[in-house]
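Enquirer: Here you go, one structure.
The values are calculated or read from the model by the stated rules, or taken from the named source; none is laboratory data. Because the structure is predicted, anything quoted here is derived from the model rather than measured. Positions of Cβ are generated from backbone atoms using ideal geometry, with glycine treated the same way; all protein chains shown enter the neighbour counts.
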Amino acid sequence: MLLPMQSKFSESKPGAEWWRSAVIYQIYPRSFADGNGDGIGDIPGITSRLDALAELGIDAIWCSPLTKSPQKDAGYDVSDYRDIEPLFGTLGDFDELVQKAGERGIRIIMDLVPNHSSEEHIWFQEALASEPGSAARNRYMFRDGKGETGQLPPNNWESVFGGVAWTRITEKDGNPGQWYLHMFDKSQPDFNWENEEVKAEFDSVLRFWLDRGAAGFRIDVAHGLVKAEGLPDVVSNDTTMAGEDANKPADELTPHPFWGQEGVHEINRRWRKVLDEYDDRAMCAEAWVMPLSKMATWVRSDEYHQTFNFAFLETKWNRDKMKAVINESIAEFSNVGAPPTWVLSNHDVIRHTTRLSYDQVPKQGDGIGPDYAQPDEALGLKRGRAASAMMLGLPGGAYIYQGEELGLPEHTTLDGSVRQDPTYFRTNGERVGRDGCRVPIPWSATESAFGFSSTGNSWLPQPDAFSNYARSSQKGKPGSTLELYKSLLALRKDNELGHGSLEWKNDLVPQGAFAYKNGSVLVVVNFTNQPFALPDGELLITTQWGLETKGELEADQVAWISA
Ligand code: GLC
Ligand code: CA
């Protein structure tokens, strides 16, 4: 097992709070690199590609779940929290990954899924085999149904993936029996977070991975653990994780019975105490909690270290809206002494290269299918790069989702027959789901499966266009998205922008554009549709090929200037 002192980053002092400024790279293990050719990415695949990530200049990797799982929701359905899924490798492979990443100064963050387990988890199997009202049932959310014979679900809650959030079981005597709650697929029963055994179990799971050298956790559906007393009906009919109130001011919010309950903060604090038993670990919440003033309460000093800034992620490519969300984020997070944590893409949303140029973005958790209006790939790439260059100049931490450093677009023409997201099946194809952002990434333009696997196997088909985005085609090529990211990350580190602060300099640019200064770096973003002359100063990096000779920053382009 890896002892944390063996790794390069431990040279930094304990308590150095590395996460405040870190750039963390999200790996979606199924789709990163396939080491054994079965078409599914795995841990040996990740380990073999660590040099590419070290070159990119990231500080840590967050891996989507690697734990044992029947993979009904790509690993977000865990059957054993203390083992590695055999498709991905072994505990030994995990230890090696932590070790080798550590040698390169890269930390490994695990994904913890505490809201629900897999139906194959031993506790759920025990619950099914036990009586209503038993201790085994009480670890999950079992209830009697409504109606004369209990034939109706206990309330009106809908699954995030579509359909009713309850499934009725057959009791041991062969009769229809109680219902269990699943906010996601029916293979993902929700835990009962009022139950002391559940709480103790997760403390122990945290320690298991911390002892093994994990740098911390990204915590799945962190805002959904506690349900309102009595499980009252939902008033709104919005089923996204943000709830329908995403953009409403705080005083207009409708109380919601399962998202963002006050009781969750107690769990946050409990986990923070566990992490604080160790040096230098961090946890980041997946909490779709709005508005930002509420989200910031998640990162008070005794709760999470970070929480994904989904308000920023959901903001359209619009100057005033971006400026407002940046201001509000910095203000709200600094109120509680926390850094903002910027993010544009992940495995649940349409890739930002596609999203920012697409007018009718479907609801969160949904994708674009072949029958939808098709996005403008070139405009998307331009804006995607610009948004990244805008984001990476900001103070705080940032997350990058695998493939965004290549400028990968969403796969928007996946056929129904290859789709795997439970959302697609639970809505009979009405919502195509999230597979389009989960396609295995291209390493080489000329190899089979674009270098993702040696056999050409790939669990989702890759679009032909991926050859243009392959890492091998971009590496060392000036102006490529990969080289852009490398330069942005290097400048960010050299200038300590993560620890910096933001000062608006909008008088330096025409109306409709914006400019901010962080330390000695001036970041200029052209949201207008007209080019304009750059403010004075040495050009450090730009998204615009040939800007040096042209001198004018075009629409949807960004320049970093030394000022
Ligand atoms: C989170 C994950 C998502 C998963 C869901 C249920 O939102 O990011 O991929 O489907 O939780 O675990
Ligand atoms: Ca594999």
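Enquirer: For residue 185, all conditions in the list (1) at pLDDT below 95; (2) of a type in the set (D, E, K, R); (3) in contact with a Ser or Thr (Cβ under 8 Å, 6 or more places away or on another chain) hold save one; what is the number of the exception?
Expert: It is condition (1) that residue 185 fails.
Enquirer: Being away from ligand 1 (no atom under 16 Å from the Cβ) and under 20 Å from the mean Cα position of the chain (by Cα) narrows it down to one residue among 108, 122; which is it? Steps first, please.
Expert: Working: 122 fails: under 20 Å from the mean Cα position of the chain (by Cα).
Just one listed residue meets the conditions, 108.
Enquirer: Given the criteria closer than 24 Å to residue 557 by Cβ and either modelled with pLDDT of 95 or more or not hydroxyl-bearing (Ser, Thr, Tyr) (or both), does residue 327 qualify?
Expert: Details: closer than 24 Å to residue 557 by Cβ: yes; either modelled with pLDDT of 95 or more or not hydroxyl-bearing (Ser, Thr, Tyr) (or both): yes.
Answer is yes for this residue.
Enquirer: Go over the candidates 384, 403, 407, 433 one by one and state the one that is buried (at least 17 other Cβ atoms within 10 Å of the Cβ), within 19 Å of the chain's Cα centre (by Cα) and more than 23 Å from residue 557 (Cβ to Cβ).
Expert: Working: 384 fails: more than 23 Å from residue 557 (Cβ to Cβ); 403 fails: more than 23 Å from residue 557 (Cβ to Cβ); 407 fails: more than 23 Å from residue 557 (Cβ to Cβ).
Residue meeting the stated conditions: 433.
Enquirer: Given (1) surrounded by 22 or more Cβ atoms within 10 Å (Cβ to Cβ); (2) farther than 14 Å from residue 112 by Cβ; (3) of a type outside the set (A, V, I, L, M); (4) out of contact with any Cys (no Cβ under 9 Å at 6 or more places or on another chain), where does residue 262 come up short, assuming only one miss?
Expert: Of the numbered conditions (1) surrounded by 22 or more Cβ atoms within 10 Å (Cβ to Cβ); (2) farther than 14 Å from residue 112 by Cβ; (3) of a type outside the set (A, V, I, L, M); (4) out of contact with any Cys (no Cβ under 9 Å at 6 or more places or on another chain), the odd one out for residue 262 is (1).
Enquirer: Somewhere in region 517-537, is a residue among the charged types (D, E, K, R), in a loop (DSSP other than H, G, I, E, B), over 20 Å from residue 329 (Cβ atoms) and outside the structural domain of residue 398 (by TED's automatic domain parsing)?
Expert: Step one: list which residues in region 517-537 are among the charged types (D, E, K, R), which gives 517, 536.
This time we only want the ones that are in a loop (DSSP other than H, G, I, E, B), so: 536.
From what is left, the residues that are over 20 Å from residue 329 (Cβ atoms) are 536.
In the following step, the residues that additionally are outside the structural domain of residue 398 (by TED's automatic domain parsing) were identified as 536.
The answer is yes; a qualifying residue exists.
Enquirer: Tell me the residue from 451, 396 that is away from ligand 1 (no atom under 16 Å from the Cβ) and under 21 Å from residue 23 (Cα atoms), please. Write out each step before concluding.
Expert: Values: 451 fails: under 21 Å from residue 23 (Cα atoms).
None of the other options fit; the residue is 396.
Enquirer: With the structure loaded, tell me whether residue 128 is outside the structural domain of residue 85 (by TED's automatic domain parsing) and under 24 Å from the mean Cα position of the chain (by Cα) or whether it fails that test.
Expert: Details: outside the structural domain of residue 85 (by TED's automatic domain parsing): yes; under 24 Å from the mean Cα position of the chain (by Cα): no.
Answer is no for this residue.
Enquirer: Separate question: Can you tell me which residue within region 37-74, out of those that are in contact with a Leu (Cβ under 8 Å, 6 or more places away or on another chain) and farther than 27 Å from residue 105 by Cα, is nearest to ligand 2 (Cβ to nearest atom)?
Expert: Filtering region 37-74 for residues that are in contact with a Leu (Cβ under 8 Å, 6 or more places away or on another chain) and farther than 27 Å from residue 105 by Cα, the one nearest to ligand 2 (Cβ to nearest atom) comes out as 38.
Enquirer: Filter the helices (runs of 4 or more DSSP H) completely within region 279-355 down to those with at least 1 residues that are free of Cβ contacts under 8 Å to residues at least 12 places away in the same chain and among the small types (Gly, Ala, Ser).
Expert: Values: elements: 292-295, 310-313, 319-335, 352-355.
Correct list: 319-335.
Enquirer: Return the pairs, sorted by first residue and then second, in which the second residue is charged (D, E, K, R), the first residue lies in region 41-60 and is within 16 Å of ligand 1 (Cβ to nearest atom), the beta carbons are less than 9 Å apart, and the residues are 6+ apart or on different chains.
Expert: Listed by first residue and then by second, the contacts come to 41/30; 41/34.
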